[in-house]
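One structure is given here, and the rest of the page talks about it.
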Amino acid sequence: MSASATPVALGAARPGLFGFTRAQAVGFLLMLAAIVVLPHVLYPIFLMRILTAALFACAFNLMIGYVGLLSFGHAAFYGMGAYVCAWTLKFWHLDAAAAILLGGLTGGLLGLALGYLAIRRSGIYFAMITLALAQMVYFFCLEAPFTGGEDGIQQVPRGTAFGIFPLHQDMAMYWLVAGIFIAGFLLIHRVIHSPFGQVLKAIRENEPRATSLGYRTMHYKLIAFVISTFLSGIAGATTSVVFGIATLDGVTSARSGDVVLTTLVGGLGTVFGPVVGAIVTTSMENYLAQFGSWVTVTQGAVFVVCVLAFRRGIVGEIAAKLRLSL
Amino acid sequence: MSEILLETHGLTKEFNGFTAVDNVDLQVRAGTIHALIGPNGAGKTTCFNMLTKFLPPTRGRIHFKGRDITGIAPADVARLGLVRSFQISAVFPRLTALENVRLALQRARGNSFDFWRSETALRRYDNRAHQLLFDVGLTGLADTAAGLLAYGQKRALEIATTLALDPEMMLLDEPTAGMTHADVDRIVELIRSIRTGRTILMVEHNLSVVEGLCDTITVLTRGRVLAEGDYATVSRNPEVIAAYLGSDAPELAHA
Ligand SMILES: Nc1ncnc2c1ncn2[C@@H]1O[C@H](COP(=O)(O)OP(=O)(O)OP(=O)(O)O)[C@@H](O)[C@H]1O
Ligand SMILES: [Mg+2]
């Protein structure tokens, strides 16, 4: 990966609370402020779309940005999380928080199974095998009775969270989504700045050396994959509660491609890149929706421009300019 | 004579019909420094790769501490106390020198799977890591990214990291290659100071280093063992001299 060309110490900036550098702490506070203020200015539904997309991208970024593995099948975990959450919510009348957690666990368990098969590969082989496995999940969802086939699971009631908070109003739903996003964001940050995360960095920097020190590197990659897929499941599940629907759309390879695009646009391997990427791609989808198929064309164009002009993504480029780690 | 710590029987590696290591029987005695020398392409690194399980042998068996380790995973070889260094210096370039050493301490002492804890939990290894950096002459460079260190310093850091595991046996692949004279002297001193209680198998092209440091020498050419013994014996062996004269290291002839 080209980013490792300049050996700037990753841990040189003394980490403060939660391992945030000062610049990151400022970024985090700004993000919190935006999360609190924006729903009074913009549609909460639109913001929830951004937050769930951002959580999904952050989860994906844990693999590509910090383990160096490009998964082309993350939709499987997102989509299955959505199905299980919607199903248990609709037919078991589960608590929304429990249903979302169940969706996350589904993503994580599926991640454990598929990751076990894929994790020994790296580079393009890992991308291809995750894509293939995710396609199998797609066909499973197409055929399995519980997913509702082409219709999906529709008219899912939001219900209540934690037994006491009714979610039918968008603002109530919004605070739950915001809480889930922040918790997921902080969890990922903690993972990166933990003893475990230190080993992940070592594996990414020089895997044979990590092995020669006695690290069974596959275990570390697999655990990172399970955390990533768990949070992808949470993101999919949360989306299904917000919109009351879970469809095949969530498990398509196009969805897997979206999260790759989102993360690349924002800047992979950066803390805020996936969030910025989610803002850009979700806004594009939202405002370009009226032009129909032009959304896809524009997205393609943005992708090409990003890859050619800002290789490091928006946040990556800004961070490089300011010489900060963001 | 002390017991044999590492032993191979008929160790062989073939790459698409080309035999890089050919039926090698090696015996390394505990507590000794054993050199593996030979011209470029003799199969020294390939041997190391097989001993540490980075490459599966085509044939042959490997025993370490009396235990057959032919079939185990490379990380588990390290856990048994057989730790290698690499011919191309192996550090974690974007981590600091301190973090490099800490990674080894962390592996040996646990909590590497703790993903829910802050990395400040690793500070308890700082004292030991600073001590190891001091031992290899890297005091004051603890917070420097390993990738920014000079070549000799990287090799020293690699040794500090390996030592952090307190391995019973170390495999060093050309620890002094590409170094200045001063750096070579420092590394030789370092190896001498860490040898107590340890067994070392090293690949080394610099024959004055071999002469000064090693108890036993195995000469490899084209994958085969050509000669074995102490420096005086080996350096007088006409076949060894011929093999070396035909290559890039004529110094042996004058030794
Ligand atoms: N992965 C591989 N595939 C094919 N051939 C290989 C491979 N690794 C090594 N070889 C060949 O095996 C032979 C021995 O290589 P090896 O690296 O073990 O030599 P060496 O004794 O360490 O040499 P040097 O002193 O140059 O480091 C060489 O001819 C090399 O080209
Ligand atoms: Mg070699």
(request) Could you name every one of the strands (runs of 3 or more DSSP E) located completely within segment B:127-226 that has at least 1 residues being within 16 Å of ligand 1 (Cβ to nearest atom), in contact with a Ser or Thr (Cβ under 9 Å, 6 or more places away or on another chain) and not aliphatic (A, V, I, L, M)? (result) B:169-173, B:216-221
(request) Only residues in segment B:48-73 that are more than 15 Å from B:Leu6 (Cα to Cα) count as the first member; pair them with residues that are of a type outside the set (Phe, Trp, Tyr) and part of a helix (DSSP H, G or I), Cβ under 6 angstrom, at least 6 apart or cross-chain, and list the lot. (result) B:Phe54/B:Pro74; B:Leu55/B:Asn49; B:Pro57/B:Met50
(request) Could you run through segment B:38-61 and say how many residues are buried (at least 17 other Cβ atoms within 10 Å of the Cβ) and either within 11 Å of ligand 2 (Cβ to nearest atom) or outside the structural domain of B:Ile200 (by TED's automatic domain parsing) (or both)? (result) 10
(request) Determine which single condition B:Thr70 fails, assuming it passes every other condition in (1) over 20 Å from the mean Cα position of the chain (by Cα); (2) more than 10 Å from chain A (Cβ to nearest Cβ); (3) in a loop (DSSP other than H, G, I, E, B). (result) (1)
(message) If B:Asn100 satisfies all but one of (1) among the polar types (S, T, N, Q); (2) free of Cβ contacts under 8 Å to residues at least 24 places away in the same chain; (3) in the same structural domain as B:Thr144 (by TED's automatic domain parsing), what's the number of the condition it fails?
(response) (2)
(message) Can you find, within segment B:94-112, the residue that is surrounded by the fewest Cβ atoms within 10 Å (Cβ to Cβ) among those that are basic (Lys, Arg) and facing chain A (nearest Cβ under 7 Å)?
(response) B:Arg107
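Quick check on segment B:123-130. Is at least one of its residues buried (at least 19 other Cβ atoms within 10 Å of the Cβ) and either within 12 Å of chain A (Cβ to nearest Cβ) or of a type in the set (Asp, Glu) (or both)?
Applying the first criterion (buried (at least 19 other Cβ atoms within 10 Å of the Cβ)) to segment B:123-130 yields B:125, B:129.
Applying the additional criterion that residues be either within 12 Å of chain A (Cβ to nearest Cβ) or of a type in the set (Asp, Glu) (or both) yields B:125.
So far as segment B:123-130 goes, yes, one or more of its residues are buried (at least 19 other Cβ atoms within 10 Å of the Cβ) and either within 12 Å of chain A (Cβ to nearest Cβ) or of a type in the set (Asp, Glu) (or both).
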(request) Given the conditions (1) touching a residue at least 12 places away in the same chain (Cβ under 8 Å); (2) within 7 Å of chain A (Cβ to nearest Cβ); (3) surrounded by fewer than 23 Cβ atoms within 10 Å (Cβ to Cβ); (4) farther than 18 Å from B:Met50 by Cβ, report the number of the one that B:Phe115 does not fulfil. (result) (1)
(request) Could you tell me whether segment A:2-22 includes any residue that is at pLDDT below 95, assigned to a helix (DSSP H, G or I), more than 14 Å from chain B (Cβ to nearest Cβ) and surrounded by fewer than 19 Cβ atoms within 10 Å (Cβ to Cβ)? (result) yes
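The values are calculated or read from the model by the stated rules, or taken from the named source; none is laboratory data. What you see is a predicted model; the values in this text were computed from it and never measured. Neighbour counts are summed over all protein chains in view; Cβ atoms, including those assigned to glycine, are modelled from backbone coordinates with ideal geometry.
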